[in-house]
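> Pasting a structure here, questions to come.
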Amino acid sequence: MSATRNSAAHNENSSRIIRVGTRKSQLARTQTGFVTDMLKQCYPNTQLEIIAMTTTGDKILDTALSKIGEKSLFTKELETALEKNEVDLVVHSLKDLPTTLPPGFTIGAICKREIPFDAVVLHPSHADKSLDTLPGRSIVGTSSLRRAAQLRRRFPHLEFKDIRGNLNTRLKKLDEKNDYSAIVLAAAGLRRMGWENRISQILQPEDCMYAVGQGALGVEVRMNDTAVLDMVSALNDTETVLRCIAERSFMKHLEGGCSVPVAVHSAVNENQLYLTGAVYSLDGSDSLKETMQTSISPQTQDEDRGDDDVQHAGVTAKKIPQHSQIAAEKLGIHLANLLLSKGAKEILTVARQLNDAR
């Protein structure tokens with residue numbers, strides 16, 4: 001964004017109250033606090049008001065997420081408020097956002113990513129163990145088909161059972177009952193809450209690759225609200241944006257969702273963007289996994305005068321070079337096509353049918 005445009009966004013937004021939508025959970029509010037603090041640093045005179053609400057995913061706690069079949073479990077109510085102009089932007093865990101957004105909405109910013117890996121939290125009685133050393137048939141709680149499929153494959157001596165609820169609820173279920181020997185959660189949430197001491201083990205990609213967008217915060221806005229779109233673009237982290245565009249593009253082209261086990265791992269190294277993607281059967285016995293890379297080398301501004309309002313995998317990332325975003329999006333598509341050519345669609349179709357039948 002040019003200095004003039006930045007100043008214009010600043011002047012327009014300093015005269016209005018910017019209403020920020022969030023879920024009511026402690027983690028969601030903490031994450032929203034991170035975003036609003038960054039906005040206040042960029043625009044000290046802008047007034048921000050946080051509006052918290054409960055979503056469908058927060059209300060239905062007795063059913064596995066993958067069984068509800070709703071792609072926008074944690075976003076629908078927030079997006080309705082955005083559509084009705086009741087809020088001006090919404091902060092999400094990016095992994096909760098579907099790869100196709102409703103018309104008129106876009107992800108206007110993706111903040112610098114926390115570590116995207118999964119973490120193991122052990123029951124106090126197993127504090128000195130790891131997933132490898134837990135007794136046979138120990139029950140591990142996870143609400144994710146992606147985690148369960150990979151961990152069944154890697155740790156066949158363990159059993160996996162659904163666990164629902166927000167972060168606090170799941171930790172309480174682990175601590176206060178003997179139903180689970182361990183639970184698996186996103187490390188990012190525990191770290192953002194300051195609960196790193198609960199992490200017994202960080203799962204590396206060779207054990208469990210993560211969800212698309214995991215560890216990143218996305219800011220959803222109305223596409224036609226150019227003042228807010230300009231304002232939130234200050235929060236974009238280039239490496240995170242490009243990695244997440246590639247991941248979301250991969251998922252979108254596979255037509256994956258929370259009802260099928262799809263996992264990714266991405267990295268940027270010396271202007272190369274690397275993306276590993278995998279699909280799994282529900283029990284983890286059948287899988288396909290491939291890695292591809294693309295160049296995201298910097299170009300001069302004169303070489304990159306594309307329209308910065310274009311969406312890539314649902315993301316409108318102003319200030320990030322268009323050629324890099326296009327390369328990241330194509331990387332996701334090419335990797336998805338490679339897996340589809342090797343039979344990914346069949347694996348995912350069977351996984352979806354089996355999950356529906358459970």
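The values are calculated or read from the model by the stated rules, or taken from the named source; none is laboratory data. Only a predicted model underlies this, so the values are computations on that prediction, with no experimental measurement involved. Ideal geometry is used to build each Cβ from the backbone, glycine not excepted, and the neighbour counts take in all protein chains shown. Heads up: the accessible areas ignore ligands, DNA and RNA and are worked out on the full protein's heavy atoms, side chains in. Shrake-Rupley method; radii C 1.70, N 1.55, O 1.52, S 1.80 Å.
> Which Cα, out of 20, 188, 296, lies furthest along the positive dipole direction of the chain (beta carbon charges, K/R +1, D/E -1)?
Projecting each Cα onto the dipole axis, the largest value belongs to 188.
> With the dipole of the chain worked out from charges on the C-beta (+1 for Lys and Arg, -1 for Asp and Glu) around the Cα centre, which of 103, 218, 78 lies farthest toward the positive end?
Ranked along the dipole, the leading option is 78.
> Let me ask something else. Where the only charges are on Cβ atoms (+1 Lys, Arg; -1 Asp, Glu), what is the dipole of the chain about its Cα centre, to the nearest 20 debye? Numbers along the way, then the final one.
On the way: 44 positive and 44 negative charges, 187 e Å.
Roughly 900 debye for the chain.
> When N counts the residues of the chain, how does its alpha-carbon radius of gyration compare numerically with 2.2 N^0.38 Å, as a ratio?
Details: Rg = 20.3 Å, N = 358, 2.2 N^0.38 = 20.6 Å.
This ratio for the chain stands at 0.99.
> While we're on this one: Compute the Cα gyration tensor for region 213-269, then decide on rounded, prolate or oblate, letting a ≥ b ≥ c be the square roots of its eigenvalues: rounded whenever a/c is under 1.5, prolate when a/b is larger than b/c in the other cases, and oblate in all that remain.
oblate
> Ok, one more. Tell me, in nm to one decimal, what length is gained between residue 206 and residue 354 on full extension, where the rule is 0.36 nm per residue of separation less the Cα-Cα distance? Mind dumping the intermediate values first?
Details: separation 148, 0.36 × 148 = 53.28 nm, distance 2.55 nm.
Separation in residues times 0.36 nm, less the Cα-Cα distance, equals 50.7 nm.
> Do the sum for the chain: with -39,500 (n - 2.57) for every DSSP H run of n ≥ 4, divided by all residues, what is the mean residue ellipticity at 222 nm, to the nearest 500 deg cm²/dmol?
Numbers: 12 runs with 129 residues, N = 358.
Estimated from H runs of four or more residues: -11000 deg cm²/dmol.
> Could you please state how large a percent of the accessible area of the chain is carbon and sulfur, counting protein chains only and using a 1.4 Å probe?
On the way: 7260 of 15460 Å².
Within the chain, the accessible surface is 47 percent carbon and sulfur.
> Not counting ligands, DNA or RNA, and with a 1.4 Å probe, what is residue 34's accessible surface area in Å² rounded to the nearest 10?
The accessible area comes out at roughly 90 Å².
> Continuing with the same structure: Express in nm, to one decimal, how much length is gained between residue 291 and residue 157 on full extension, taking 0.36 nm for each residue of separation and deducting their alpha carbon distance. Could you put the intermediate results ahead of the total?
Details: separation 134, 0.36 × 134 = 48.24 nm, distance 2.86 nm.
Separation in residues times 0.36 nm, less the Cα-Cα distance, equals 45.4 nm.
> How would you order 208-218, 324-334, 44-54 from highest to lowest mean count of nearby Cβ atoms within 10 Å?
So the order, starting with the most tightly packed, is 208-218, 324-334, 44-54.
> Go through 276, 148, 253 and say which Cα lies farthest out towards the positive end of the charge dipole of the chain; charges sit on Cβ, +1 for Lys and Arg, -1 for Asp and Glu.
Checked the options; the winner is 148.
> If you take every residue apart from residue 285 with its C-beta less than 13 Å away from the C-beta of residue 285, what net charge results, scoring Lys and Arg +1 and Asp and Glu -1? Intermediate values should be presented prior to the final figure.
Numbers: positive: 152, 153, 154; negative: 283, 286.
Result for the local shell: +1.
> Roughly how many Å² is the accessible area per residue of region 110-188, as a whole number, for a 1.4 Å probe?
Values: 3230 Å² over 79 residues.
For region 110-188, the per-residue accessible area is 41 Å².
> Also, I was wondering about something else. What are the DSSP H helices in the chain that stretch 18 Å or more along their long axis, judged by alpha-carbon atoms, and whose average Kyte-Doolittle hydropathy comes to at least -1.0? Numbers along the way, then the final one.
Details: long enough: 26-42 (24 Å, -0.24); 238-254 (24 Å, 0.00); 322-341 (28 Å, 0.35); 344-357 (20 Å, -0.10).
For the chain, where a helix must reach 18 Å along its axis and average at least -1.0, the hits are 26-42, 238-254, 322-341, 344-357.
> Enumerate the lysines that residue 24 could reach by cross-link, defined here as Cα to Cα under 20 Å, with residues fewer than 8 away along the same chain left out.
59, 71, 76, 84, 95, 172, 173
> Turning to a different aspect of this structure: Going by average Cβ neighbours within 10 Å, how do the peptides 264-271, 193-200, 313-320 rank, with the highest at the top? Provide the component values of the computation, followed by the final result.
Numbers: 264-271: 16.6, 193-200: 13.9, 313-320: 22.5.
Those peptides, ordered most packed to least, come out 313-320, 264-271, 193-200.
> Let me ask another. Return the whole-Å distance between the Cα centroid of region 248-277 and the Cα centroid of region 198-244.
Between the Cα centre of region 248-277 and that of region 198-244, the gap is 13 Å.
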